Structures are given as structure tokens and as C-alpha cells.
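Enquirer: Please see the structure below; I have some questions.
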Amino acid sequence: NTDWFYKEYSDGTIELYAAVRMSKIKCDHSTTTGTETAPYYSSNVVIHLPKQINEINSLQITAGGGAMVMCKDTSNLSMSYVSFSLAKFTKDALDTAYLIYVDIKGILSVS
């Protein structure tokens, strides 16, 4: 649940912006098998978009709280969501809340 800001243009392009507070995320998976070493990453995180995008021209996702975004999935060109994982150099012991910033430019799907 978040407030999205977006601009729709007459040629079908759209710009979407939001700061999404995500809770219960834990960066506790180690990238090295059998040992506990950094960086640690989260399970897949999904943010649903308020508009269906047919083609992504630009996708930027950044995170607060010392986390970095990794593994953005842009393979699905008919998108109603974005998915990614977070990574940190310190392990999360508890579920954590992160502020995720999303900036998307693309072309709207024709309904």
C-alpha cells in the first residue's frame, strides 16, 4: 500500500515513481555455500504497479537501510509488477523494514 505518482503522456508513455515501505524482509542468505560470509541477500521481493506496462524503457530501484538492490527481473515485458532481491554486507537477524524507491519509464499496455 503506497502512493504512486505518475505522468501519462498522449503518445502512451508513462513515468511512475514511488517510495514503498516493505516490511518483513530478511537479508540472511549467504552467497557462499557452507559458510557464513557476506554479502547476504533476501528472498525475492515483489512490488505491484498501479498501471500495466507493455515495454520498460528505464527501471531504477534503490533501497535505504544499508541494502543494495540486486537481481532485477526485467524479462517480462508485460509487467504489472517488478521483482528483485536485496543484498547487504551484514546479516539481518530479524525481519526488517526497508524503504524501496521505484522509478519506471515505459509504454502503457493498451486495454
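The values are calculated or read from the model by the stated rules, or taken from the named source; none is laboratory data. These numbers were taken from a predicted model, which means no experiment stands behind them. Ligands, DNA and RNA are stripped out before the accessible areas are found, and what is left, the full protein with its side chains, is counted by its heavy atoms. Shrake-Rupley method; radii C 1.70, N 1.55, O 1.52, S 1.80 Å.
Enquirer: Of the residues Y6, Y17, only one is closer than 17 Å to Y98 by Cα, outside any loop (DSSP other than H, G, I, E, B) and either under 20 Å from the mean Cα position of the chain (by Cα) or polar (S, T, N, Q) (or both); which?
Expert: After ruling out the rest, the residue left standing is Y17.
Enquirer: On to the next question. List the number of the failed condition for N76; all other conditions in (1) open to solvent by 70 Å² or more (accessible area, probe 1.4 Å); (2) modelled with pLDDT under 90 hold.
Expert: Condition not satisfied by N76: (1).
Enquirer: Looking at region 30-54, which of its residues are in a strand (DSSP E or B) and at pLDDT below 85?
Expert: Result: S30, single match.
Enquirer: Output the residues belonging to region 90-111 that are over 19 Å from V69 (Cα atoms), open to solvent by less than 50 Å² (accessible area, probe 1.4 Å) and polar (S, T, N, Q).
Expert: If the condition is that a residue be over 19 Å from V69 (Cα atoms), open to solvent by less than 50 Å² (accessible area, probe 1.4 Å) and polar (S, T, N, Q), then S109 is the only one that fits.
Enquirer: Another question, if that's okay. Return the residues of region 20-42 that are of a type outside the set (D, E, K, R) and over 14 Å from the mean Cα position of the chain (by Cα); say none if nothing qualifies.
Expert: Correct list: C27, H29, S30, T31, T32, T33, G34, T35, T37, A38, P39, Y40.
Enquirer: Quick check on Y9: is it open to solvent by 80 Å² or more (accessible area, probe 1.4 Å) and at negative phi?
Expert: Taking the combined requirement at face value, the residue satisfies it.
Enquirer: With respect to N1, is the statement that it is at pLDDT below 90, over 12 Å from K105 (Cα atoms) and open to solvent by 80 Å² or more (accessible area, probe 1.4 Å) true?
Expert: yes
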